[in-house]
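Report on one structure; see the data block that follows.
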Amino acid sequence: MGFKICKYKDNADAIFSFTFDDGCYYDSTLFTLEQFEKIYRETGVKIKATVAQTVNFQSPVLIELWRSAIERGYYDVAGHSMTHCISYSEKTPVEEMRADAKDTQESLKGFYPNQKIATFFTPGGGFDKIGAETLKEFYLANRTAGEQVNIPGKIDWYSVSSFTAKMDRNTSDFIEYIDSTIEKGGWGVQMNHWITEKQEDVFHSQRKHTFIEECEYFAKAVAEGKILPQSFEEAVLYLRKAEESSLEIEGNKIKINCKLESPFLDDVALTIAIDSDKPLKITENGITTLCPSKNGIVLADVVKEATIE
């Protein structure tokens with residue numbers, strides 16, 4: 001019987017993540033929620049995005065909006081600094097960067113107690129090797145720019161590339177990036193700030209109609225099994241654990257050994273592909289799941305150790 005850890009969750013061929021910066025655009029956020037809910041009603045595809053929040057930009061009204069978005073399952077949260085005025089580079093003393101990284105994480109956990117806050121987006125994209133080393137103390141990944149499709153095994157976790165939404169981009173530009181992600185079998189990440197139709201809002205904004213059309217195209221690709229929707233945080237948690245893990249097989253037991261010690265990864269399940277023409281019972285922590293066989297492969301989600309029947 002053959003076993004392997006799948007490159008992506010559910011043995012997907014490619015994944016895509018929407019991300020939003022700053023967390024202070026109220027009407028834009030409501031609009032994205034309306035679109036995500038519409039997509040879910042019409043197709044059954046649930047898009048979940050990550051919002052990177054600047055702590056000092058938040059207010060009680062915004063925090064309540066984001067708590068609702070999180071509870072409804074459409075967003076999770078990453079860090080984006082305390083003030084948006086810090087450069088994670090040699091321009092900033094290391095202790096100042098450490099304090100900002102730590103305070104951002106702790107503040108956001110205070111706003112949203114059930115969120116891990118395992119990832120960070122450097123404000124303005126400003127960072128260097130010193131900044132990356134500082135962020136490693138607190139986070140599993142840092143999203144930047146670059147507009148490359150990320151390929152597992154080649155990802156610089158503190159410079160994760162993202163495709164930037166801009167006012168002058170057409171629907172075809174966004175679709176082309178999704179198609180490229182599918183073609184390369186990679187991880188596509190999109191950077192957004194807000195959704196608008198105001199022509200003066202040109203800084204990293206996306207027009208409403210292109211966002212609607214992109215979401216519809218993406219949902220169709222998901223429904224056809226071409227790509228998996230994951231938030232940035234979800235993707236990082238899975239990919240980092242998969243990258244650092246190996247399988248130990250003994251009789252009917254599977255054990256995942258992860259070299260990366262991080263409390264963020266303690267409850268993250270990896271998808272294990274098992275060669276079998278018959279369904280298998282997978283038991284972990286006293287819970288048994290009957291996993292079907294499809295095309296001679298059984299897929300099972302395992303956190304740490306499971307038995308097979």
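For the range 245-308, report the % of Cα-Cα distances exceeding 17 Å.
Distances greater than 17 Å cover 39 percent of the Cα pairs.
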Plugging the Cβ-Cβ distance of residue 250 and residue 281 into 1/(1 + (r/R0)^6) at R0 = 25 Å yields, to the nearest 0.05, a FRET efficiency of 0.90
P(r) weight above 17 Å for the range 110-155, C-alpha pairs, percent: 45 percent
GNM top mover of 79, 188, 126 - the chain, alpha-carbon springs below 10 Å: 126
By DSSP, what percent of the beta bridges with both residues in the range 15-237 are antiparallel, rounded to the nearest 5? 5 percent
So how strong a dipole does the range 249-299 carry about its Cα centre when Lys and Arg Cβ are +1 and Asp and Glu Cβ are -1, to the nearest 20 debye? 180 debye
Using the Karplus equation 6.51 cos²θ - 1.76 cosθ + 1.60 (θ = phi - 60°), what ³J(HN,Hα) coupling, rounded to whole Hz, does each residue of the range 26-41 give in order, writing x for Gly and Pro? 5, 4, 4, 5, 4, 5, 5, 4, 4, 5, 4, 5, 4, 4, 5, 4
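Would you kindly calculate the translational diffusion coefficient of the range 212-293, applying Stokes-Einstein with the Kirkwood radius from alpha carbon pairs, for 37 °C and a viscosity of 0.692 mPa s, and quote it in µm² s⁻¹ without decimals?
212 µm²/s
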Alpha carbons only, please: Rg and Dmax for the range 15-237, in angstrom. 16.5, 50
Residue order, fewest to most surrounding Cβ atoms within 10 angstrom, among 1, 167: 1, 167
Taking θ = phi - 60°, what integer Hz values does the Karplus form 6.51 cos²θ - 1.76 cosθ + 1.60 yield along the range 188-198, in sequence order, with x for Gly and Pro? x, 10, 10, 9, 10, 10, 9, 9, 7, 10, 6
Considering only 273, 112, 74, whose Cα is most displaced toward the positive end of the charge dipole of the chain, charges sitting on Cβ of Lys, Arg (+1) and Asp, Glu (-1)? 273
Mind listing the long-range amide H neighbours of residue 301? Cut-off is under 5 Å, sequence gap 5 or more, other chains count too, H placed in the peptide plane at 1.01 Å from N. 272
For the range 70-119, list log₁₀ I(q)/I(0) at each q in 0.14, 0.19, 0.21 Å⁻¹, using the Debye formula over Cα point scatterers of equal strength and ignoring solvent, two decimals each. -0.39, -0.64, -0.73
Let's see if you can work this out: charge +1 on each Lys and Arg Cβ, -1 on each Asp and Glu Cβ, no other charges. What is the dipole magnitude of the chain about its Cα centre, in debye to the nearest 20? 560 debye
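No lab work stands behind these numbers, since they all come straight from the coordinates. These figures come from a predicted structure and were not determined experimentally. Here Cβ is always computed from backbone atoms with ideal geometry, including for glycine, and neighbour counts include all displayed protein chains.
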